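Chemist: Pasting a structure here, questions to come.
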Amino acid sequence: MTITLTELALYAGALAILFLTPGPVWVGLIARALSGGFAAAWPLTMGVVIGDVLWSLFAVLGMAWVVDQYPGTLQALKWVACATFILMGYLILKSADKDLSRADSRLTRPGVWAGFVAGLAVILGNPKAILFYMGMLPGFFDLGAFTTADIIAVASMSALVPLVGNLAMAAMIDRVRRLLTSPKSVRRMNITAGVLMICVGLVIPLT
């Protein structure tokens, strides 16, 4: 494996920040957990996991080919990742007061399969996830030197961090529900996540 534990840890931290940013996955997860408890929420988390793995594989394999064909793009990708993180942080700060109470009814249909499909759809169509994996993931690693072990490590981390977070949220949905009923709390979380994303974006060029 060519990637270092420091690189993997930084990537895991970025995934954790991404998870902490309220968005469509949160809305679907909360809605399903409120309507049917943990049993209704966990299938959605499985769909999200599959989507996260697919996005990470698309990013690694696709951008690795670009780096192999055009070696000089590696440094540029770091700056793209830096700019993407800062942009995401800014957009989160800009929409810090966004109302999360409106859930798409398609996300709350009963049934394990419906929950799984909803999770997969919401992550594959989530602009935040697309920006993260396609625009920022390549800035964390030297994709041109990636081995099979590296790909497995990145894909596993892409699945594990959001999965743990989503399952923990589903299990503690009552606390999360009380937190999200306060506009001040939502604003505070968004501001914190936005600032952290900008900070990570500024750190990437130094690694």
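The values are calculated or read from the model by the stated rules, or taken from the named source; none is laboratory data. None of the values given here were measured: they were computed from a predicted structure. Backbone-built Cβ (ideal geometry, glycine too); neighbour counts: all protein chains shown. In case anyone asks, the SASA skips ligands and DNA or RNA and just uses the protein heavy atoms, side chains included. Shrake-Rupley method; radii C 1.70, N 1.55, O 1.52, S 1.80 Å.
Chemist: Within the stretch 43-57, can you find the residues that are under 10 Å from PHE116 (Cβ atoms) and out of contact with any Leu (no Cβ under 7 Å at 6 or more places or on another chain)?
Modeler: Of everything in the stretch 43-57, those that are under 10 Å from PHE116 (Cβ atoms) and out of contact with any Leu (no Cβ under 7 Å at 6 or more places or on another chain) turn out to be PRO43, MET46, VAL48.
Chemist: When the residues of the stretch 126-151 are narrowed to those that are of a type in the set (Ser, Thr, Tyr) and under 15 Å from VAL53 (Cα atoms), which ends up least open to solvent (accessible area, probe 1.4 Å)?
Modeler: Ranking the candidates gives TYR133 first.
Chemist: For the structure I just gave you, tell me whether ILE204 is aliphatic (A, V, I, L, M), modelled with pLDDT of 75 or more and more than 23 Å from ALA39 (Cβ to Cβ).
Modeler: So ILE204 fails the test.
Chemist: If you check LEU44, LEU34, LEU20, LEU5, which single one turns out to be open to solvent by 20 Å² or more (accessible area, probe 1.4 Å) and under 14 Å from GLY165 (Cβ atoms)?
Modeler: Testing whether each residue is open to solvent by 20 Å² or more (accessible area, probe 1.4 Å) and under 14 Å from GLY165 (Cβ atoms) leaves just LEU20.
Chemist: Something else now. Determine which member of the set ALA83, ALA33 is within 30 Å of LYS184 (Cβ to Cβ) and either at pLDDT 65 or above or of a type in the set (S, T, N, Q) (or both).
Modeler: Exactly one of ALA83, ALA33 is within 30 Å of LYS184 (Cβ to Cβ) and either at pLDDT 65 or above or of a type in the set (S, T, N, Q) (or both), namely ALA33.
Chemist: Residues to consider are VAL117, VAL161, VAL122; find the one that is within 15 Å of PRO22 (Cβ to Cβ), β-branched (Val, Ile, Thr) and either modelled with pLDDT of 75 or more or in contact with a Phe, Trp or Tyr (Cβ under 9 Å, 6 or more places away or on another chain) (or both). Before the answer, list the steps.
Modeler: Numbers: VAL117 fails: within 15 Å of PRO22 (Cβ to Cβ); VAL161 fails: within 15 Å of PRO22 (Cβ to Cβ).
So the residue among VAL117, VAL161, VAL122 that is within 15 Å of PRO22 (Cβ to Cβ), β-branched (Val, Ile, Thr) and either modelled with pLDDT of 75 or more or in contact with a Phe, Trp or Tyr (Cβ under 9 Å, 6 or more places away or on another chain) (or both) is VAL122.
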